[in-house]
1. Quick one: which strands (runs of 3 or more DSSP E) sit completely within region 192-265 and have at least 1 residues that are within 16 Å of the chain's Cα centre (by Cα) and more than 30 Å from residue 419 (Cβ to Cβ)?
2. I'm trying to understand the selection: among the residues of region 297-334, which are free of Cβ contacts under 8 Å to residues at least 24 places away in the same chain and among the polar types (S, T, N, Q)?
3. Suppose the filter is under 20 Å from residue 336 (Cα atoms), touching a strand residue (DSSP E or B) at 6+ places or on another chain (Cβ under 9 Å) and assigned to a helix (DSSP H, G or I); does residue 272 pass it?
4. Does residue 201 satisfy being open to solvent by 40 Å² or more (accessible area, probe 1.4 Å) and at pLDDT below 95?
5. Taking region 273-282, which residues are free of Cβ contacts under 8 Å to residues at least 60 places away in the same chain and closer than 16 Å to residue 298 by Cα?
6. Which one of these is touching a strand residue (DSSP E or B) at 6+ places or on another chain (Cβ under 8 Å), open to solvent by 10 Å² or more (accessible area, probe 1.4 Å), under 25 Å from residue 436 (Cα atoms) and in the same structural domain as residue 62 (by the TED database): 112, 146?
7. For residues in region 290-303 being at pLDDT 95 or above and open to solvent by 80 Å² or more (accessible area, probe 1.4 Å), which is nearest to residue 258 (Cα to Cα)?
8. Suppose the filter is within 24 Å of the chain's Cα centre (by Cα), outside the structural domain of residue 408 (by the TED database) and either of a type outside the set (D, E, K, R) or at pLDDT below 95 (or both); does residue 330 pass it?
Amino acid sequence: MIKRLTKTRTKYKLLCFPIYMEWLRLLLLLLLLTSLAITNHVSCSCSWDLEAGPSLELSQLSRELLDSARQPEFFDWLKRVRRRIHENPELAFEEHETSQLIRSELDSLGIQYTWPVAETGLVASIGSGAQPWFALRADMDALPIQELVEWEHKSRNLGKMHACGHDAHVTMLLGAAKLLQSKSKEIKGTIKLVFQPGEEEHAGAYHMIKEGALDKIQGIFGLHIQPLMPVGTIGSRPGPFLAASGRFSVTIHGKGGHAAFPHLATDPILAACSAVLALQQLISRETDPLDARVVTVGMIEGGQAANVIPETVRLRGTFRSMTSEGLNYLQQRIQEVIEIQASVHGCTATVDFMLEKMKPYPATVNDEAMYKHAKNVGETLLGEPNVKLVPMSMGAEDFSFYTEKMAAAFFMIGTKNETLDPNTIWHSPNLVIDEEVLPIGAALHAAVAISYLDNIDAAVTY
């Protein structure tokens, strides 16, 4: 019995031995892979995680920055700066006094900057000067609009107004500069502050890039006021956010004459009307219904008397798409349609897309990782319910040029206050914003930049 039991045990051991060896082999392989993963993580100099959720450090940083920006002395300074800029609006590439104000404030803070860039722009630097570099951007120009809001700090420049909130954008970035300078020794890299001219129709961002102002920058963040969102909220979306946009100017040439004898004239007004109607078919019959595109003729000018057929008619309009391919298609077809419609009516047409004077804007496409990073910071600063996922918009922004060059995120920041006029929107002569947005924007800018560099630094080679 004992001998038979011994043989059974021996046979069992022999059968199990290969299984033991296989387990041992798998265990050694697992240990080797773990070792390699740790080694790769420690030695990696370029991988970083912007998608991690809010940390205790980020919560403390965000709260500290916002509390500082809301201190009465700090907040009063922000309001004074914004109101000085609002009183003195300047159009694209004419922002000389606005640029001087910015430089004066940076000088008082002891912040170095490069000026001029793209005529009136400047780029300030805070931190060690070493890589990595991260940028924050504000646009400076105003609009050719007569302000109708009656208040102490109404625009003093006839026919000019900060009706798109760029006065607030500059102020929030100067506020961020003050917050960042107080922490300059803690910044793990360099933060560039981009004060950009000519956003309204003149592609100032393109010119800043062309002059090398954003070379060697890994990422950028920007804010734009949103008068329809309450103060204390922000919103954006990953991927395509704002449309690509172009403009066109058309002159249709005919033969003038008396309205009583139209057969002796060649009527450019009739040709212009046909062209405007035909352009709408580019959207209704040539565009996928699920693909967002726009063609709008916003100006028609022709004739000075009711009984005279004019010699020429002028049109101006805009076309938009969420993709560069869609924009290029519309540009080609707009020219074809207008020229053919003019020809059908015996006229000729010249179509100018103003490619240099008013360079077309590409679509604004948020980098997904950068969007998630800014979203995490916003949720930490303002609370998760106050960070909104907003729909795509056919509005356009020249921040899009930055999104083509580097990882970028562009967010809307709410300025609505029900006790003020709640129904105004951008480019309105009645635009009113709640200045409580200023410390929020300043703190958000600073927190996004500091935490970005902290996340990169965490993965630098040891």
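The values are calculated or read from the model by the stated rules, or taken from the named source; none is laboratory data. The structure displayed is predicted, hence computed values, not measured ones. When we count neighbours, we look across all protein chains shown, and the Cβ atoms used for this are built from the backbone with ideal geometry, even at glycine. Each accessible area value is taken on the protein alone, full model and side chains, heavy atoms only, with ligands, DNA and RNA left out. Shrake-Rupley method; radii C 1.70, N 1.55, O 1.52, S 1.80 Å.
1. 219-230, 239-242, 244-253
2. Result: 304, 328, 332.
3. So residue 272 fits the description; yes.
4. It is true that residue 201 is open to solvent by 40 Å² or more (accessible area, probe 1.4 Å) and at pLDDT below 95.
5. 273, 276, 277, 279, 280
6. 146
7. Among residues in region 290-303 that are at pLDDT 95 or above and open to solvent by 80 Å² or more (accessible area, probe 1.4 Å), the one nearest to residue 258 (Cα to Cα) is 301.
8. Yes: the conditions hold for residue 330.
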